[in-house]
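Encoded as structure tokens, the structure appears first; notes follow it.
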Amino acid sequence: MGMLLMMFRKMHLIQKKDNIEFQLTDLNQKLMDYQSLSAALANDSTSLTDIASIPPSLFGSGINTLMMAHGAATQYANQAMSYMMNGGSIFTQFGDNAQYMQQIAYMKAYEQGREQYKKRIMAQLDEQEKQMEIKKTKLEALLAQIEEEEKATTQRVQAGIQSQVSHYGLQA
């Protein structure tokens, strides 16, 4: 009866080990995906290559993030421009070049708005990556414990088999 329980325990440990290995593989893939998304979002101007490099598992949220970054930067630039135009324009001193100076100011404000949004998103992605790393460390520790218990169980089963063989005189 003890041998049967040990074999059942060993099969249970193998199943747990396989489950944890699957979770670790999945977690490693997610970490790589988040790192790829971070790299794509880190660029100051997003190109088609950056969009194509977003991993498929995060493509929808990556595109959504890029659109939200554009919207936030546009809103920031519009607010900055309305502030600059309030109470008499500072651009009137440039005469005929006022329109060009307004475009330059708008683009600078847009870049600042995008940079602020990017910092917030990157902080969120970094936090998610840290949480995944913590989970990965816990799973790796649990896996090591299960592997150690599996070795001990295997040794007990082998000792039980040797005991049964010698007890019934089945040695070769």
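Read the figures in this text as sums done on the coordinates, not as results from a lab. Everything numeric here is computed off the predicted structure, so don't read it as measured data. Glycine gets a Cβ as well: all are built from the backbone with ideal geometry, and neighbour counts include every protein chain shown.
Listed peptides 104-110, 5-11 appear in the order 104-110, 5-11 once ranked by packing, highest mean of other Cβ atoms within 10 Å at the front. Using +1 at the Cβ of each Lys and Arg and -1 at the Cβ of each Asp and Glu in the chain, identify which of THR154, ASN97, GLN35 lies farthest towards the dipole's positive end. Of THR154, ASN97, GLN35, it is THR154. Each Lys and Arg Cβ is given +1 and each Asp and Glu Cβ -1; about its Cα centre, the chain then shows a dipole of about 480 debye. With R₀ fixed at 22 Å, the C-beta to C-beta distance from ASN86 to LYS119 puts the FRET efficiency at about 0.20.
For percent of Cα pairs over 29 Å apart, the listed values are [x] 54; [y] 25; [z] 45; which was obtained by calculation from the structure presented? Given [x] 54; [y] 25; [z] 45, the structure-derived one carries the label [x]. Legend: residue pairs LYS17/LYS118; LYS108/LYS130; LYS10/LYS135; LYS130/LYS151; LYS16/LYS118, Cα-Cα distance threshold 29 Å; pairs beyond threshold, LYS17/LYS118; LYS108/LYS130; LYS130/LYS151; LYS16/LYS118.
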